[in-house]
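For reference, the structure discussed in these notes is given below.
The values are calculated or read from the model by the stated rules, or taken from the named source; none is laboratory data. Here the structure is a predicted model, which is why all the values come from computation and not from measurement. Every residue, glycine among them, receives a Cβ derived from its backbone with ideal geometry; neighbour counts consider all protein chains shown. Side chains included, ligands, DNA and RNA excluded: accessible areas come from the protein's heavy atoms. Shrake-Rupley method; radii C 1.70, N 1.55, O 1.52, S 1.80 Å.
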Amino acid sequence: MDINLLTEVEKASIGERQPLPEQYLRLSDDEMDARIAAAKSTLGERVVILGHHYQRDEVIKFADYTGDSLKLARLAASRGTAEFIVFCGVHFMAESADILRAPHQKVVLPDLAAGCSMADMAAPDQLDMCWRELAEMGVGTGPVESGKAGVLPVTYINSSAAIKAFCGEHGGIVCTSTNAAKVMAWAWERGEKVLMLPDQHLGRNTAFKMGVPLDEMVVWDPDEIWGGLEPEAVRRARLILWKGFCSVHTRFTVQQIEAFRKKYPTGRVIAHPECTFDVVRAADESGSTEHIINTVRNSPSGSVWAVATEVHLVNRLTHELADKTIVTLDPFGCLCSTMFRVSPNHLLWIMEGLVAGQVHNQITVPEPQNSLARLALERMLKV
């Protein structure tokens, strides 16, 4: 994938998404860099800029912290002097930061069009319907004879605040790709079954590693009556997987792994657990973004790696670790197109607005959704 070419195409159409004032269009890269740096210097400790690992290079270079979504939200909350949290990521990440922020802080998302297709695959009304239909199927959502809940909801942090709030209200919890196994074990201690949403692949890959056989898992399709499942199949299952996925990580294939191994017989493949089950099984290792970074960084000099995750992170590892051969598993690259929408133009507009006393694109999670979502997040932090 030619990211430079893609960036040029994006520049030509930047005003077609969230409208920007005319003066923030058609600026040179050097001018934007200088003005962003100047605004950041003027604001000083009043602002903290967060950059997700998958963010484009021309934006993330201004980040005070880089990391995954939960790490960044927690870091922002720890920066007590910061009045403004500028989250260069996607919408659900900014929501999580707003849920965990201090009372005096405001969270800003540079482009409101930066969403997440996976998070959008689980809508609150669909989850409400699922919960009612599970009860109709005889899968109780309340306590059963064992003293456990019939079903306990677990949501990946890559979900909306509304979904997190549902989990908080119904005794459930949030997980990340790093702690998914611990969280699911916690959930099974309290529920006969786990409803895992919105990413079926993280749920399946994690549970299988924990020893749960595939025939004890079912996939709930929210667009079908009763999830497209027979009641008996749901009653037998320990894990109900929501039919959601990451459009980036599901592009990787076993055929790509086979092609890599032919070219690099001694090379190793590391995959994110949002990849499909067959890809994770065919890879040498799998784990969260942080796990991928640490594993590749700590590998011996001369190591050869194919990395199955977003291409901006892979490219940064390639440049940082020149003593290793690091390639993306997909020869065409896999880019998070929604996060790519956060451009230097949008960051400049946000930053200069703050200097002028104008807060654009503030993200606010209303009550009682905020408190319920925080409850689900706090349960996770205790685990």
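Within the range 240-265, take every residue that is open to solvent by 10 Å² or more (accessible area, probe 1.4 Å), part of a loop (DSSP other than H, G, I, E, B) and modelled with pLDDT of 95 or more and give me the one that is farthest from residue 339 (Cα to Cα).
Going through the qualifying residues, I end up with 265.
Give the residue that is modelled with the highest pLDDT, with candidates limited to residues of the range 143-165 that are of a type in the set (A, V, I, L, M, F, W, C), within 19 Å of residue 234 (Cβ to Cβ) and surrounded by 20 or more Cβ atoms within 10 Å (Cβ to Cβ). Give the steps one after another, and end with the answer.
Residues of the range 143-165 that are of a type in the set (A, V, I, L, M, F, W, C), as a first pass: 144, 149, 151-152, 154, 157, 161-163, 165.
With the extra rule that they be within 19 Å of residue 234 (Cβ to Cβ), the set shrinks to 144, 149, 151-152, 154.
Subsequent filtering for residues that are surrounded by 20 or more Cβ atoms within 10 Å (Cβ to Cβ) retains 149, 151-152, 154.
Numbers: 149: 77, 151: 94, 152: 95, 154: 98.
Among them, the one singled out is 154.
Return yes or no: is residue 237 open to solvent by less than 10 Å² (accessible area, probe 1.4 Å), under 23 Å from residue 337 (Cβ atoms) and of a type outside the set (Ser, Thr, Tyr)?
Details: open to solvent by less than 10 Å² (accessible area, probe 1.4 Å): yes; under 23 Å from residue 337 (Cβ atoms): no; of a type outside the set (Ser, Thr, Tyr): yes.
Answer is no for this residue.
Is the range 306-314 home to any residue that is in a helix (DSSP H, G or I), over 22 Å from the mean Cα position of the chain (by Cα) and either closer than 24 Å to residue 174 by Cβ or of a type in the set (Val, Ile, Thr) (or both)?
Quick first cut of the range 306-314, residues in a helix (DSSP H, G or I) only: 311-314.
From what is left, the residues that are over 22 Å from the mean Cα position of the chain (by Cα) are none.
No, the conditions are met nowhere in the range 306-314.
Tell me yes or no: at least one residue of the range 185-201 is surrounded by fewer than 21 Cβ atoms within 10 Å (Cβ to Cβ), under 16 Å from residue 273 (Cβ atoms) and out of contact with any Pro (no Cβ under 8 Å at 6 or more places or on another chain).
Of all residues in the range 185-201, those surrounded by fewer than 21 Cβ atoms within 10 Å (Cβ to Cβ) come to 185-186, 188-190, 192.
Filter again for under 16 Å from residue 273 (Cβ atoms), leaving 185.
Going one step further and asking which of them are out of contact with any Pro (no Cβ under 8 Å at 6 or more places or on another chain), we end up with 185.
Yes; the residues of the range 185-201 include at least one that is surrounded by fewer than 21 Cβ atoms within 10 Å (Cβ to Cβ), under 16 Å from residue 273 (Cβ atoms) and out of contact with any Pro (no Cβ under 8 Å at 6 or more places or on another chain).
Given the conditions (1) open to solvent by 10 Å² or more (accessible area, probe 1.4 Å); (2) part of a helix (DSSP H, G or I), report the number of the one that residue 211 does not fulfil.
(2)
Here are some residues: 132, 204, 190. Which one is over 30 Å from residue 80 (Cβ atoms) and touching a helix residue (DSSP H, G or I) at 6+ places or on another chain (Cβ under 8 Å)?
204
Please find, among 365, 359, the residue that is of a type outside the set (D, E, K, R), touching an Asp or Glu at 6+ places or on another chain (Cβ under 7 Å) and not in a helix (DSSP H, G or I). Break it down stepwise before answering.
Working: 359 fails: touching an Asp or Glu at 6+ places or on another chain (Cβ under 7 Å).
Result: 365 is the single residue among 365, 359 that is of a type outside the set (D, E, K, R), touching an Asp or Glu at 6+ places or on another chain (Cβ under 7 Å) and not in a helix (DSSP H, G or I).
In this structure, does residue 336 turn out to be closer than 29 Å to residue 28 by Cβ and either assigned to a helix (DSSP H, G or I) or in contact with a helix residue (DSSP H, G or I) (Cβ under 9 Å, 6 or more places away or on another chain) (or both)? Reasoning before the result, please.
On the way: closer than 29 Å to residue 28 by Cβ: yes; either assigned to a helix (DSSP H, G or I) or in contact with a helix residue (DSSP H, G or I) (Cβ under 9 Å, 6 or more places away or on another chain) (or both): yes.
Judged against the criteria, residue 336 is a match.
So, in the range 234-259, exactly how many residues are under 29 Å from residue 126 (Cβ atoms) and of a type in the set (S, T, N, Q)?
So in the range 234-259, the residues under 29 Å from residue 126 (Cβ atoms) come out as 234-253.
Subsequent filtering for residues that are of a type in the set (S, T, N, Q) retains 247, 250, 253.
The total comes to 3.
Given the condition open to solvent by less than 20 Å² (accessible area, probe 1.4 Å), among the polar types (S, T, N, Q) and outside any strand (DSSP E or B), answer yes or no: does some residue in the range 289-297 qualify?
Scanning the range 289-297 turns up at least one residue that is open to solvent by less than 20 Å² (accessible area, probe 1.4 Å), among the polar types (S, T, N, Q) and outside any strand (DSSP E or B).
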